[in-house]
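The values are calculated or read from the model by the stated rules, or taken from the named source; none is laboratory data. All values reported here derive from a predicted model rather than from experimental measurement. Positions of Cβ are generated from backbone atoms using ideal geometry, with glycine treated the same way; all protein chains shown enter the neighbour counts. What goes into the accessible areas is simple: the full protein's heavy atoms, side chains included, and nothing from ligands, DNA or RNA. Shrake-Rupley method; radii C 1.70, N 1.55, O 1.52, S 1.80 Å.
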Amino acid sequence: DLPPLFIITPTYKRPEQLAELTRLSHTLMHVPNLTWLVIEDAYKRNDLIEELLSRSGLRYQYMVAPMPVEFKNKTRGPKPRGVSNRNKGLQWIRQNAKSGVFYFADDDNTYDLELFKQIRYTKRVSMFPVGLITKAGVSSPIVRNGVFSGFYDGWIGGRKFAVDMAGFAVSVEFLLLRPHAVMPFKPGFEEDGFLKSLSPFEPKQVELLATNCTKILVWHTQTKKNEPSLPIDMNKYNNSNLI
Ligand code: UDP
Ligand code: MN
């Protein structure tokens, strides 16, 4: 039997949301023994998302976890995007999962099905390259002679774990042995803070996937935003998510 896989996906309402979740749902439909935890940065659930998830045939949980207002109302500087969502997902896993592996999969990235095959056997924390991120083009553990020897990232920022959210997966049992592990509301340091909270755990203990980190199996794609305009009666597009 395949170990269970839990995919934690933060999402939030914007015109592109249904397109992103449609694409991701169609990827996940190809992955066996999977539970999709979709957590929206909102105060209440959206019927259109519920309908999309239901139609997918996937095993899913749809929850909400709004960004705290102190961050939401910030006018300058980056916000901790998706953090309350991911912590809600971690809470669900603590309450409902006993074994398997979880992975933070943002709604807008692009995932090779091979990724899900490989992360499923994570014993502690596995890592692998993420493509199309920053001007560096890729973020990845550096592997020398099959051994971890540092992080390559466009922004190291003094981090112990200089990785992107899409670049690691974690064993459920490993998490359950660390009841205080949590993601901090600290823009730029979400991954580092979470991985540090998995202490005791050191970078050299990372399980290196994607053929010793020589293959890109996930891309940090970002969807271009259009200026929203409502030239005609949008009410007829009752699945537009715009109104
Ligand atoms: N997100 C969210 N609330 C927000 C902004 C983003 O829940 O206010 C989610 C978003 O759906 C995505 C994740 O958090 O799954 C990361 O956001 P985004 O893709 O915008 O960040 P980036 O591509 O810059 O890492
Ligand atoms: Mn993104």
_Every residue from the stretch 166-181 that is part of a helix (DSSP H, G or I) and either within 14 Å of ligand 1 (Cβ to nearest atom) or of a type in the set (Phe, Trp, Tyr) (or both)_ = Ala166, Gly167, Phe174
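Is there a residue in the stretch 158-165 that is touching a Cys at 6+ places or on another chain (Cβ under 6 Å), surrounded by 18 or more Cβ atoms within 10 Å (Cβ to Cβ), of a type outside the set (Val, Ile, Thr) and not in a helix (DSSP H, G or I)?
No, there is no match, as no residue in the stretch 158-165 is touching a Cys at 6+ places or on another chain (Cβ under 6 Å), surrounded by 18 or more Cβ atoms within 10 Å (Cβ to Cβ), of a type outside the set (Val, Ile, Thr) and not in a helix (DSSP H, G or I).
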_Looking only at the stretch 182-237, count every residue that is assigned to a loop (DSSP other than H, G, I, E, B) and open to solvent by less than 90 Å² (accessible area, probe 1.4 Å) and tell me the total._
20
*Looking at Trp155, is it open to solvent by 50 Å² or more (accessible area, probe 1.4 Å), among the aromatic types (Phe, Trp, Tyr), within 16 Å of ligand 1 (Cβ to nearest atom) and touching a residue at least 12 places away in the same chain (Cβ under 8 Å)?*
yes
*Lone qualifier among Gly100, Gly82, Gly57 - being within 16 Å of ligand 2 (Cβ to nearest atom) and on the phi > 0 side of the Ramachandran plot*: Gly82
*Out of Gly188, Gly157, Gly167, which single residue is over 21 Å from Tyr103 (Cα atoms), at pLDDT 95 or above and not charged (D, E, K, R)?*
Gly157
